[in-house]
1. Would segment 107-125 turn up any residue that is more than 18 Å from the chain's Cα centre (by Cα), assigned to a strand (DSSP E or B) and closer than 24 Å to residue 8 by Cβ?
2. Report yes if residue 136 is outside the structural domain of residue 47 (by TED's automatic domain parsing) and in contact with a helix residue (DSSP H, G or I) (Cβ under 6 Å, 6 or more places away or on another chain), otherwise no.
3. Taking segment 47-95 only, how many residues are in a loop (DSSP other than H, G, I, E, B) and loosely packed, with under 13 Cβ neighbours inside 10 Å?
4. Answer yes or no: is there a residue in segment 41-64 that is over 25 Å from residue 134 (Cα atoms) and out of contact with any strand residue (DSSP E or B) (no Cβ under 9 Å at 6 or more places or on another chain).
5. Please find, within segment 1-23, the residue that is modelled with the highest pLDDT out of those that are under 11 Å from residue 44 (Cβ atoms) and in a loop (DSSP other than H, G, I, E, B).
């Protein structure tokens with residue numbers, strides 16, 4: 001996928017993550033973005049760790065490091081981001097998980113995975129969000145997954 005992103009003219013930008021001192025996890029995330037000029041980029045992937053950021057958002061980033069570093073969201077693109085964590089006893093390849101993800105794709109969502117158990121789900125602006133939440137409810141109730149809004153605001 002990296003080669004296809006590069007061929008499309010996208011670049012990686014660094015998104016600093018809000019972390020409390022001593023908190024586990026990465027300090028930054030890298031996302032694909034389309035350069036728009038004047039230090040502005042359109043996010044072209046779905047973030048796994050960043051909150052308040054979605055596919056299609058236009059961000060400002062400085063070019064002071066090897067990779068541009070995001071400093072602010074200039075304009076929301078209308079998409080929302082959900083993060084799904086699958087129970088460790090399951091994997092992305094499990095038929096029920098694949099069926100759930102295929103269902104999201106059928107209604108217009110896209111998703112990216114971080115095997116074996118993390119999914120970043122992009123909910124486009126024209127999709128009924130309640131439909132997505134309803135689809136997550138049964139697997140959540142069954143203890144198969146947990147989910148959270150990483151970016152519930154479309155604008």
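The values are calculated or read from the model by the stated rules, or taken from the named source; none is laboratory data. Computed from a prediction, not measured in an experiment: that's the story for all the values here. As a convention, Cβ positions derive from the backbone with ideal geometry for all residues, glycine included, and neighbour counts pool all protein chains shown.
1. No - not one qualifying residue is present in segment 107-125.
2. In short, no.
3. Number of matching residues: 7.
4. Yes; the residues of segment 41-64 include at least one that is over 25 Å from residue 134 (Cα atoms) and out of contact with any strand residue (DSSP E or B) (no Cβ under 9 Å at 6 or more places or on another chain).
5. Here the residue is 10.
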